[in-house]
Amino acid sequence: MNEKSARILAAVFLLGGLAALGISWRLGQADAVILHARMPEAGGWTPADLTVAAGQPLRLRLTSDDVMHGFAIGQSDQPAVDVEPGKVTNLTVIFDKPGTYTFYCTRWCGPNHWRMRGAIIVTGERVEQPVTPPLYAQLGLDIDARREAQTIPAGKPSTQRSAEIFAQFLLPSAQSYLSPGYYRSRSPEQVWQDLRDDPHWVHYSDLQLWDAVAYIWQANTTPEALAEARSLYARNCAACHGESGGGDGVFIGGQVQVQGEAHGFPPGYETVLPTDFTDPRHLLAVSPAHLQGKIIRGGMGTGMPMWGVIFTEEQTWALVSYLYTFQFEEVP
Amino acid sequence: MKRIVVSWAVLGAAALLVAFAPFNLQPVTSNVERIFRVEAGDFAYSPAVLHVNPGDNVTIKLVATDVVHGLYVDGYDLSVIAEPGQPAVLSFTADRPGTFRLRCSVTCGALHPFMTGKLKVGTNLLLWRGIGLALLAFLGILTLRSPGLPIVH
């Protein structure tokens, strides 16, 4: 009798323990999404689409099936986390606003690293907000047109050279040159030409006018924005465009041949090299709005990714102003 | 019998000398700046072998040319991670003589375990001591083997 009850007791304890383990495991796993990261050539993110309701926590268990990856969400302050093979990174995110968000890989995991993206669809009551198209679209710029500056400065324009010319900007007649609307919609070359044609500026030399152009640029950015853009550039752009902006990044040898008109390649292929930002003929011919368009939309058929879903508007403008540091003397 | 004791004593003394003698073969240098630019790509470091003298200030600029790579220095327990476009710099004083393995610290692909290099700080004394001891052991076999043991063919 005693032995029988002991057996029953042991069985109850054993089953109870197993059930408790199972239930706690279920609870711990509840609604956690296991997100596998693979190199884009091997499939990228699995699953690539996630859905969550606004205000609800999205629990992610991130792991990698091959190499080191990173996880970040575009246009959010969520810091990037590393996703390593053999490890699980737990991450919980909450979205307040409904909409579609992009998550992307933050570690260079392969030649197609930048294609490693996925979408998070946040459902909920959508408040219709008027959407303002980006400036380049408002202006109707053809951002694929090749532009080349006809007039370039003899030396690097600097805001440090002559203080005298910048006193001009205190005059009411010059105020409009400093407005963001003016600065963003005109290329440095156009600004220079406007100043050249302005009777108030007739006494100044060509280089002094270029200094004034640099001043207008500097007035429309801040050291903080440039510092943020410097790190964004290093993380996202420098691999192709080069640390010094020369279009000579480490990936230049591995440029993927892309569809297009061509010479020197089989019909239908050409190699589009990254833009050289140190070439004044190129960079001084394009307006901030043009560069904004390139960053937002990407290169369309070149290796340049689209960043519109990843960078915020402020980050994009900061990057645009940072690009001009390859032409203008930097703010000390 | 006496011969064996003397042989043991001589060989033992030689072994101790080889193993522990403070050989001072290292050129006396101090605080020389050694700057290396190491390119990491295709599961290899280039250059893969770095020579420095003990006491040198070593600066390694790690440039990743394809995917994210790392550099871990065995023995010094230092590591750094570089991404394409973002070179990383590792600076340290080579105060431990010897030869140390460099290895990639980031899982970078299928051949990641084979991505290695070497940091040589001065002469590889450990290696030479090892060779010396091995030779002594061989000598010991020759001199100390029991006489009269039949050699079976």
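Before moving on, here are some points about what is shown:
- Count of the stretch A:131-186 residues which are under 16 Å from A:TRP210 (Cβ atoms) and among the β-branched types (Val, Ile, Thr): 4
- For the residues B:GLY75, B:GLY41, B:GLY85, B:GLY70, the requirement of being surrounded by 12 or more Cβ atoms within 10 Å (Cβ to Cβ), closer than 30 Å to B:ILE131 by Cα and not β-branched (Val, Ile, Thr) singles out B:GLY75.
- In the set (1) among the aliphatic types (A, V, I, L, M); (2) part of a strand (DSSP E or B); (3) closer than 30 Å to A:ARG230 by Cβ, the condition left unmet by B:LEU119 is number (3).
- Residue match in the stretch A:75-83 (condition: polar (S, T, N, Q) and assigned to a strand (DSSP E or B)): no
- Residue list for the stretch A:99-133, filter: part of a loop (DSSP other than H, G, I, E, B) and surrounded by fewer than 17 Cβ atoms within 10 Å (Cβ to Cβ): A:ASN112, A:GLY124, A:GLU125, A:ARG126, A:VAL127, A:GLU128, A:GLN129, A:PRO130, A:VAL131, A:THR132, A:PRO133
- Count of the stretch A:102-147 residues which are outside the structural domain of A:ARG38 (by TED's automatic domain parsing) and closer than 25 Å to A:PHE251 by Cβ: 4
- Hey, B:ALA134 away from every other protein chain (no Cβ under 14 Å), crowded, with 18+ Cβ neighbours inside 10 Å and under 19 Å from the mean Cα position of the chain (by Cα) or not: no
- Criterion applied to A:ALA32, A:ALA42 was being out of contact with any helix residue (DSSP H, G or I) (no Cβ under 9 Å at 6 or more places or on another chain) and within 29 Å of A:ASN236 (Cα to Cα), and the one residue passing it is A:ALA42.
- Residue, surrounded by the fewest Cβ atoms within 10 Å (Cβ to Cβ), within the stretch A:134-146, restricted to residues that are outside any loop (DSSP other than H, G, I, E, B) and not small (Gly, Ala, Ser): A:GLN138
- Leading residue by the ranking (nearest to the other protein chains (Cβ to nearest Cβ)) among those in the stretch A:41-68 that are closer than 21 Å to A:GLY124 by Cα and surrounded by 15 or more Cβ atoms within 10 Å (Cβ to Cβ): A:LEU60
- Set B:ASP77, B:ASP42: member being within 14 Å of chain A (Cβ to nearest Cβ) and on the phi > 0 side of the Ramachandran plot: B:ASP42
- Taking residues in the stretch B:121-137 that are closer than 29 Å to B:ARG34 by Cα, and partners anywhere that are of a type in the set (A, V, I, L, M) and in a helix (DSSP H, G or I), the pairs with Cβ atoms closer than 8 Å and at least 6 places apart or on different chains are B:ARG129/B:VAL18; B:ARG129/B:ALA19.
The values are calculated or read from the model by the stated rules, or taken from the named source; none is laboratory data. No experiment lies behind these values; they were computed from the predicted model shown. Cβ coordinates were reconstructed from backbone atoms using ideal geometry, including for glycine residues, and neighbour counts include every protein chain displayed.
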